[in-house]
Structure formats: C-alpha cells, structure tokens
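I have placed the structure first, in the form of structure tokens, so that the comments after it can refer back to it.
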Amino acid sequence: MSDRGIGNHPDIDVVEKKTAYDGYLQIDVYRLRHKKFDGSWTDVLPPREVCVRGQAVGVLLYDPDRDSVVLIEQFRVAAAAAGGPAWLTEIVAGLLDEGETPEDVARREAREEAGCTVQEIETICDYFPSPGAYDEHVTVFCGRVDSAGIGGIGGLEEEHEDIRISVVPADEAIRLLDENRLNNSIAIIALGWFARHRDRLRAQWRQG
C-alpha cells in the first residue's frame, strides 16, 4: 500500500520515487530513509522496488448443509516460473475495482469465478502476503453458499480465465491443507481458520 501511506508517514523520508515499469504489474522505485528504533535515522537506503498490486480479496465458499467447500484451480505463471505447479488449487479471489468494498469483491468474484451467490459472510483476517516487495493487502472472508449444481469450468473469457470449479467435502479440503497440497497463502490461511471454526459455522449457518 505504498502510495496509500508511505509519503505521509512521519518516520519515513522519501527522497525520490519513480515508476520503472507499468504493464500487467506496476513497479515503483523508491530512494528513502527511515527512523530507527533508537530514534536516529538511517542513511538513504539503496533503491527499493515495490510491485504495486493494491487491494485484494479472497473468500472461502462454504456450504454448511452439505459440509463442503468450493475450491478452484487455475494456471499461475509465476508459480510455474519458480519451478512449482503451474495449476494451483485456491479459493476464489480478486482485486478491488474503484468504488468497491472488500465484501463487494468477495460477492462479485464468487459469482464470476465459481457461479456462487454468497449469503452470510464473515471476515477471517487481513494481511500483507509479501511486504518486502509487494504493496498487496489481502482481506479474507468465509461466505455461506448453496453448492448444489456447482462445478465444471468458470471464469470470465475477457479476463482470460479458465477456472476449474470443484465442490470438496470439508474433511478432504482440510486434509489438502494438512498434506501440504495447497501452495498459496490465501488458501492456507482460509482453510486453517476454517478448520478451527467449522463446527461453529455449520451450527450457525445450517438451514435446519
């Protein structure tokens, strides 16, 4: 969240900022100094690159009546470039558009990526996935859905999305977490929280 706070921070002195690249992602380069824990100031640090990603949202879709979650699978170029799996099992997620709230995004992305309508919704957490290089800030939710008839291939063609949608029993989804088969932080965080809160959610959200 670089430009949303760094320029006005009393303990950070931005000497120079420039945009080095502006494409699918934007990369800003900062030269700055900051106050140290002892009250003195650092020298001007070597250039620090920040990848501008912005506000993101993830939502774990849970059907308490079937005790199942909706997971998706899609191609991830950076994971493939790092030598990892090219297709990752994830939860529904997306970026904020102007004028949206995080809850708006959770509901919109559930429809676009998984064909689900979110009913009740609960905040899990918010966090910075990689604060040393990215300004991305993620808010994670759990939302109640009816998973009847959900599955197949989804996503928006204009966004080049090719998403496989699966309804997975809750026990199996938690087992994927325990077996280290979820290689992305947003799914790991969401399902770790879900494993602790599942019984409460099921009792609270079931239809009867």
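In deg cm²/dmol and to the nearest 500, what is the mean residue ellipticity at 222 nm of the chain if only DSSP H runs of at least 4 residues count, each as -39500 (n - 2.57), divided by the residue total? The partial results should precede the final answer.
Working: 4 runs with 48 residues, N = 208.
For the chain, the value works out to -7000 deg cm²/dmol.
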Below 18 Å, Cα to Cα, which aspartates and glutamates can Lys18 reach? Residues fewer than 8 away in the same chain don't count.
Asp3, Asp28, Glu49, Asp135
For the chain, percent of DSSP beta bridges that are antiparallel (nearest 5) comes out at 80
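Of all the accessible heavy-atom surface of segment 1-113, with the other protein chains kept in place and a 1.4 Å probe, what percent is carbon and sulfur?
Of the solvent-accessible surface of segment 1-113, carbon and sulfur hold 52 percent.
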Per the charge dipole of segment 5-142 (beta-carbon charges, Lys/Arg positive, Asp/Glu negative, Cα centre), the residue among Gly7, Ala78, Gly94 reaching farthest to the positive end is Gly7
Keeping all protein chains in the complex and leaving out DNA, RNA and ligands, what accessible area do you get for Phe75 with a 1.4 Å probe, in Å² to the nearest 10?
100
According to a simple spin-label model (label point 7 Å from Cα along Cα-to-Cβ), what is the distance in nm between Val14 and Ile188?
3.1
For the chain, what is the accessible area per residue in Å² when the probe is 1.4 Å?
56
On each of the three principal axes of the Cα atoms of the chain, give max minus min coordinate, whole Å, ordered largest first.
62, 37, 36
Which distance in Å, rounded to a whole number, links the C-alpha centroids of segment 156-176 and segment 1-50?
37
As straight-line cross-link partners of Lys35, the qualifying aspartates and glutamates (C-alpha separation under 14 Å, not fewer than 8 residues apart within one chain) are Asp11, Asp13, Asp43
Taking the alpha carbon gyration tensor of segment 113-203, what are the square roots of 5 times its eigenvalues, largest first, to the nearest whole Å?
21, 20, 15
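The values are calculated or read from the model by the stated rules, or taken from the named source; none is laboratory data. Not measured: the values here are computed from a predicted model. FYI the Cβ positions are ideal-geometry reconstructions off the backbone, even for glycines, and counts take in every protein chain you see. Heads up: the accessible areas ignore ligands, DNA and RNA and are worked out on the full protein's heavy atoms, side chains in. Shrake-Rupley method; radii C 1.70, N 1.55, O 1.52, S 1.80 Å.
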